[in-house]
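The values are calculated or read from the model by the stated rules, or taken from the named source; none is laboratory data. Being a predicted model, the structure only gives us computed values, none of them experimental. As a convention, Cβ positions derive from the backbone with ideal geometry for all residues, glycine included, and neighbour counts pool all protein chains shown.
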Amino acid sequence: MSGRVLVVDDERSLAKVVASYLERDGYQVRCVFDGPAALDAAREDEPDVVVLDLMLPGLDGVEVCRRLRSFSDCYVIMLTARTEEADKLTGLGVGADDYLTKPFSPRELVARVAAMLRRPRERRARPEAPPRRFGPLEVDVAAREVRLDGAPVPLTRTEFDLLAVLSARANVALSRAQLISAVWGDGWVGDEHLVDVHIGHLRRKLDDDPARPRFIRTVRGVGYRMGPQS
């Protein structure tokens, strides 16, 4: 396995342990220890994955992630020493793809990085394939663009991939496990309810009220589907 990973944590000993496990698996790793250095390193190295601690000097992880999303679509795994769900959801709300709560196994982190990098960086559709339309929503998989009422909707890579999978099988209810397999890969380990968090962000960006959904519908006991009300 190869790929560039940026590890950002002010606990230098932990950062070095994580880096050693990643390097052992063939990744190119750079460690930095504060928020401003993380942004500089991300611009210089264009990493495939950023492992980002929530509590950092200079700029915290949430602000680093928010700024990172203005120039990079790399995968972001947020690390937090706090156990409150709000911390995890805050990180995901600014564009993180996954999270781990400290203490964690370095092997689990390596497994999640590997699963992310097995995901295709670009889901290619046939050049002649038309955009998928759901009323005012247009999903152009070939161009990786989404428009709502003609206006572009900025999505993270994970959000777009979820929408692409759902829109490809309109009116078919997909379970969380099926969505995890399609988007995160079969090797992913973690809480399947991570899907719910990303679906929530998608709905907000698409102005899709879950109580009266236009696009993404919850199928109780199963998961989610796209399409009109049955």
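Some points to look at:
- Considering residues of segment 28-74 that are among the polar types (S, T, N, Q) and part of a loop (DSSP other than H, G, I, E, B) only, the residue surrounded by the fewest Cβ atoms within 10 Å (Cβ to Cβ): SER70
- Candidates in segment 89-112 are the residues that are within 19 Å of VAL195 (Cα to Cα) and hydrophobic (A, V, I, L, M, F, W, C); of these, the one that is modelled with the lowest pLDDT is LEU89.
- Any pair with Cβ under 8 angstrom, 6 or more apart, that starts in segment 150-164 at a residue that is of a type in the set (Asp, Glu) and ends at one that is assigned to a loop (DSSP other than H, G, I, E, B): ASP161/ARG119; ASP161/ARG123
- Selection status of SER70, without any contact (Cβ under 8 Å) to a residue 40 or more places away in the chain and over 16 Å from the mean Cα position of the chain (by Cα): no
- Summed over segment 138-171, residues that are on the phi < 0 side of the Ramachandran plot and either part of a loop (DSSP other than H, G, I, E, B) or of a type in the set (Val, Ile, Thr) (or both) total 13.
- Within the set GLU11, GLU44, GLU63, GLU23, the sole residue that is without any contact (Cβ under 8 Å) to a residue 60 or more places away in the chain, under 19 Å from ALA114 (Cβ atoms) and of a type in the set (Asp, Glu) turns out to be GLU23.
- The residues in segment 75-88 that are modelled with pLDDT of 75 or more and surrounded by 15 or more Cβ atoms within 10 Å (Cβ to Cβ) can be counted, and the count is 6.
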